[in-house]
Every structure is written in structure tokens, then in C-alpha cells.
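Trainee: Below you'll find the structure I mean.
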Amino acid sequence: MADDSIVQRVAELRRELHYHNHRYYVMDDPVISDFDYDMLLQELRTIEEEHPELVTPDSPTHRIGGDPAEGFVQVEHRHTMLSLGNAFDDESLEAWYRRVRNLLDDADFSMTCELKIDGLAVSLVYEDGVFVQGATRGNGFVGENVTQNLRTIRSIPLVLQGDPPPYLEVRGEVYMPVESFRRLNEERAERGEQLFANPRNSGAGTIRQLDPKVTASRNMQIWAYSLGDAGDVPGLPDHWEALEWLKSLGFRINPNNRLCYTVEEVKDYYREFVERRHGLPYEVDGVVVKVNPFNYQSSLGVVGREPRWAVAYKFPAERAVTRLLEIGINV
Ligand SMILES: CC(C)(C)c1nc(N2CCN(c3ncccn3)CC2)c2cc(C(N)=O)c(N)nc2n1
């Protein structure tokens, strides 16, 4: 049985490694060299090999899980994962805005604008601050349990920082960066394998791999975009504060999110990113606009599967050939 000093050292190593993992993969701002990080990880691995009774599922040495799954177990989302209504031009965005303003009988309310990441929506469940379940959106009610695959994504925290509640669900969009997609297709082309059509398909395929080692071998990332349910965390007044709070817990929140107070500001944000979208290291297909105050979200409610308080303002469709050429695929 490991003596106290070993148990202390293991706890200290885990805390340090989760912290440096967060700095490197979530903040993109490491404060330790790769070599020193690897030395800490190796020290923990060695102790865990000598003292297997100390191994816990949230250990940073266990990101690349066990054996390949035969198939995926279905999981029911505690809170339905809603859909998003679409707007394709300024007129329909303004129609959405007017409807919300009339329903709220209120002229000024803030809105968050978020880039609509073109990936795969997932649900992450944490109990006592430890990552316990990851699932695809599926049909919104039931998804696939892909916990082992999501654990391999370094920007998904295995252990939360700060003071998380006993139960927390977070939603995010998992995606493959464009550069990783290009490199993956280059390797597949060299092996004469079929190419992925776009980063979204290759990301979805990677998350639904049966073998977590394959998922781990591809550089998948996540942007967290909402709480599972605002009711889970009383005391947060609005979505913007919720995103700030999630960042303080260790989640990766997109730095381009913006708080807007008028529909003009929303349109400015949209036009800015129509221009900037191809300079981003990940694919986006629009802007998600959300009424910010939680009390307004709940009074607006949901129609069918779509919240009245959010809309996806889609970017104009692209000429496919130009797109492929732009990301370096010669067609
Ligand atoms: C919380 C709400 C419902 C407003 C919401 N829902 C979203 N989505 C719903 C539809 N989804 C979906 N997926 C597949 C099939 C049908 N709907 C995919 C996620 C969001 C997606 C993104 C993103 N992609 O970056 C985002 N920044 N915020 C979102 N916010």
C-alpha cells in the first residue's frame, strides 16, 4: 500500500498536470516547457505503475482510454438539446429581433453573438467537478455515449477548476481545425485512401470512431457554448456571465464571442465575420445570436424544438470548388 508521501505526491502531480494541460490546450498560453510537462507526466505514470491502486479515471495519464468499443451505448440527455431556427438575410434577422422585442414588451435587451462553429455538438457531464460522460447530440433527446473519445481531446477538462456544483452539464461544438483536416487528407491521399469532404465530416467521423486511439491521433478541439440548463447553476443572471463562469472552470470559450445591445451591432458582427471567416483556423457557417438575460430566455420559451430566444444567422453558401482550393485541395 502506498504510504502518505506517495499519495500526496500523486495528488500534487495531478493538480499540476491538469493546470498545465489547461494553460497549454485551453488558454494556448503554457507556463512550462514541453520537456518539464513530460517529466511530470512520466513521474506520475511511474508511480501509477508501481501503485495501480492509486489510479483514478480522471488521472491525466488516462486520456487515451481503454479498448475499442463494439458500438456506442445510447444516452438520454437530461435536458433536451434544442435546434436552431435559421435566418439567411438581414430582413429575416430583423423579423426575429422584432418578434422577440414585441414578445418581451421591452425595447432594450442584450444579445450574445457567437460564431457558429461547423463541427459536432456534444454534451459534457461533470459530477463533483470530474468529467463522467460525453455524448453526441443525436436527435436532441438521445445521443451516443462517446466519453472515451472525448477524453482524448486535450481542450476538454477532465477535472474542473474553481468551485463547480455537484452536477454540471456543458454543451460545446467539437471540431477538427482546418490545418489538421488538410494534413489528415494529405496522409490519406498518400495511402490511397478515400478523402474526407470537409472538416465537419472528418470531425464527426473522428468522434464516432470505435477506437479512442484513432480519435487521439487527430487534433480535435472544442468550443464550449452553453450550460446544459441555466437552472443547474442558480445565481448566473445571463448567458454572457455563464460563459465567463465556464471559462473560470477551465472550459475553452471562443474569444470572438461578443455582447451586442442592438440589432445593428449584430449585423456589424455578422458582416465582420463574413470577411474574416476564412482567416480563422476552424470552419464556421454563420453566427448564433442569443437573447442574453436568462429570465428573458425562459419567458420567450421554446416552439417545437427551437428556442424563440436564439437564431442562427447563416453565412452565404460558397462555391464548393473555390472552397476546396482555398483549403489547399486541388480539384
Ligand atoms: C443553446 C442553443 C440551443 C441556443 C444553441 N444550440 C446550438 N446548436 C443547436 C443545433 N445543433 C444541431 N446540430 C445538428 C442537428 C441539428 N441541430 C447544433 C448546436 C449551438 C451551436 C453553436 C455552434 N455550432 O457554434 C453555438 N455557438 N451555440 C449554440 N447554441
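Trainee: Just to be sure before I move on: is Val291 under 30 Å from Ala197 (Cβ atoms), buried (at least 18 other Cβ atoms within 10 Å of the Cβ), within 14 Å of the ligand (Cβ to nearest atom) and under 24 Å from the mean Cα position of the chain (by Cα) in the structure I sent?
Mentor: In short, no.
Trainee: Report, by residue number, each residue of region 148-163 that is away from the ligand (no atom under 16 Å from the Cβ) and either in a loop (DSSP other than H, G, I, E, B) or touching a Phe, Trp or Tyr at 6+ places or on another chain (Cβ under 8 Å) (or both). Step through it out loud before you land on a result.
Mentor: Quick first cut of region 148-163, residues away from the ligand (no atom under 16 Å from the Cβ) only: 148-149, 151-152, 154, 157-163.
Hits for region 148-163 are Arg151, Thr152, Arg154, Pro157, Leu158, Val159, Leu160, Gln161, Gly162, Asp163.
Trainee: Does Gly138 qualify as being within 16 Å of the ligand (Cβ to nearest atom), in contact (Cβ under 8 Å) with a residue 60 or more places away in the chain, more than 12 Å from the chain's Cα centre (by Cα) and in a strand (DSSP E or B)?
Mentor: Spelling it out, it is not the case that Gly138 is within 16 Å of the ligand (Cβ to nearest atom), in contact (Cβ under 8 Å) with a residue 60 or more places away in the chain, more than 12 Å from the chain's Cα centre (by Cα) and in a strand (DSSP E or B).
Trainee: Okay, moving on. The conditions are (1) aliphatic (A, V, I, L, M); (2) outside any helix (DSSP H, G or I); (3) surrounded by fewer than 15 Cβ atoms within 10 Å (Cβ to Cβ), and Ala189 fails exactly one of them. Which is it?
Mentor: (2)
Trainee: Within the group Glu43, Glu49, Glu53, Glu12, which residue is outside any loop (DSSP other than H, G, I, E, B), among the charged types (D, E, K, R) and in contact with a helix residue (DSSP H, G or I) (Cβ under 9 Å, 6 or more places away or on another chain)?
Mentor: Glu43
Trainee: How about region 215-244: which of its residues are away from the ligand (no atom under 14 Å from the Cβ), closer than 24 Å to Tyr25 by Cα, touching a helix residue (DSSP H, G or I) at 6+ places or on another chain (Cβ under 7 Å) and not basic (Lys, Arg)?
Mentor: Correct list: Thr215, Asn219, Met220.
Trainee: Quickly run through region 76-104 and pick out the residues that are basic (Lys, Arg) and under 21 Å from Arg171 (Cβ atoms).
Mentor: So the first thing to find is which residues in region 76-104 are basic (Lys, Arg), and the list is 78, 98-99, 101.
Listed by number, the list holds a single entry, Arg78.
Trainee: Considering (1) within 16 Å of the ligand (Cβ to nearest atom); (2) of a type in the set (D, E, K, R); (3) within 18 Å of His239 (Cβ to Cβ); (4) in a loop (DSSP other than H, G, I, E, B), say which one Asp106 fails and leave the rest.
Mentor: (1)
Trainee: Just to check your reading of the model, which residue among Gly250, Gly162 is loosely packed, with under 14 Cβ neighbours inside 10 Å and touching a helix residue (DSSP H, G or I) at 6+ places or on another chain (Cβ under 7 Å)?
Mentor: Details: Gly250 fails: loosely packed, with under 14 Cβ neighbours inside 10 Å.
One residue alone meets the criteria, Gly162.
Here, each number is a calculation from the coordinates, and none is a lab measurement. If you're wondering where the values come from, they're calculated on a predicted model, not measured in any experiment. For neighbour counting, all protein chains shown are included, and Cβ atoms are generated from backbone atoms with ideal geometry for every residue, glycine included.
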